[in-house]
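Notes follow once the structure below has been shown.
The values are calculated or read from the model by the stated rules, or taken from the named source; none is laboratory data. The structure displayed is predicted, hence computed values, not measured ones. Methodologically, a virtual Cβ is constructed for each residue, glycine included, from the backbone with ideal geometry; neighbour enumeration extends over all protein chains shown.
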Amino acid sequence: MTDKLEKIGALWQRTSQKGAPYLSGQIDGRKVVVFKAREKQNDRSPDYEIFLSRPEPAERARPGNGSGCVRGASLNPRDAV
């Protein structure tokens, strides 16, 4: 069955500074973070939510930084996890 699957990325399990688990990695070359959905109201609500991870504005403008990643910064778009 795996020969019918196409790998599009990889995710790593992480823990936020506040102790909440999340996943981070790349899908089709784009950096993403995945969090457990906070408002699961029924079976049709998603279990997880995927967000594109974007560098901080100051990090984007810094010359010589091709990584687009802020080392040590929170990747959580909610900043509450």
Of everything in the stretch 23-51 that's under 9 Å from the mean Cα position of the chain (by Cα) and among the polar types (S, T, N, Q), which residue is surrounded by the most Cβ atoms within 10 Å (Cβ to Cβ)?
-> Ser24
Close pairs from the stretch 1-22: first in contact (Cβ under 8 Å) with a residue 60 or more places away in the chain and more than 16 Å from Phe51 (Cβ to Cβ), partner of a type outside the set (Asp, Glu) and surrounded by 10 or more Cβ atoms within 10 Å (Cβ to Cβ), Cβ under 7 Å, at least 6 apart = Lys18/Val81
Conditions (1) of a type in the set (Val, Ile, Thr); (2) assigned to a strand (DSSP E or B); (3) modelled with pLDDT under 60 -> Val81 fails only (2)
